[in-house]
1. Sticking to Cα atoms, compute the Rg of segment 15-116 to one decimal and its Dmax as the biggest Cα-Cα distance, whole number, in Å.
2. What does the charge dipole of segment 15-116 about its Cα centre add up to, to the nearest 20 debye, if the Cβ of each Lys and Arg holds +1 and the Cβ of each Asp and Glu holds -1?
3. Towards the positive end of the charge dipole of segment 15-116, with charges on Cβ (+1 Lys, Arg; -1 Asp, Glu), say which of Asn109, Val29, Ala58 has the farthest Cα.
4. So, counting K/R as plus one and D/E as minus one, what does the shell of residues with Cβ under 12 Å around Leu99 add up to?
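Values quoted throughout were computed directly from the atomic coordinates according to the rules given, and no laboratory measurement underlies them. Just so it is clear, the structure is predicted and the values come from calculations on it, not from any experiment. As a convention, Cβ positions derive from the backbone with ideal geometry for all residues, glycine included, and neighbour counts pool all protein chains shown.
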Amino acid sequence: MAAIATQQWDATSYGYSTAFYHTPEQVAVMTTEDIYTLHSLPCLTQTLAQVKYPSNKALVAEWLTNHESISVGWWDWQGARNYLFVDGHVKYVQAQQILSAGNGYPDINLTIAGIGGKDY
């Protein structure tokens, strides 16, 4: 049983949006690679009160979809994920419904305008 669970769930996780620990100005110049590069830009915590559109900005999202018959990665326009939005609601959203981020993908880390922008 453990092998099956590992195969099915080991690569899944939830991601806290980079837009909440970088300023909108930083997010505007960041690339996907910058998200994973240590010391690329200093972390500057953003507060929930600074979020311009709380019902449209995702705070946390599933890393991979396991709810459909296809297996996709984060930077993919197929599939769907569960998103926790700043206003507290959770919604299962198709990737095509997420607005394109600065890197051209449905990526809540690099939302255009950071916490001043919308993901949905």
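1. So, for segment 15-116, Rg and Dmax equal 13.1, 39 Å respectively.
2. Once rounded to the nearest 20, the dipole reads 260 debye.
3. Ala58
4. 0
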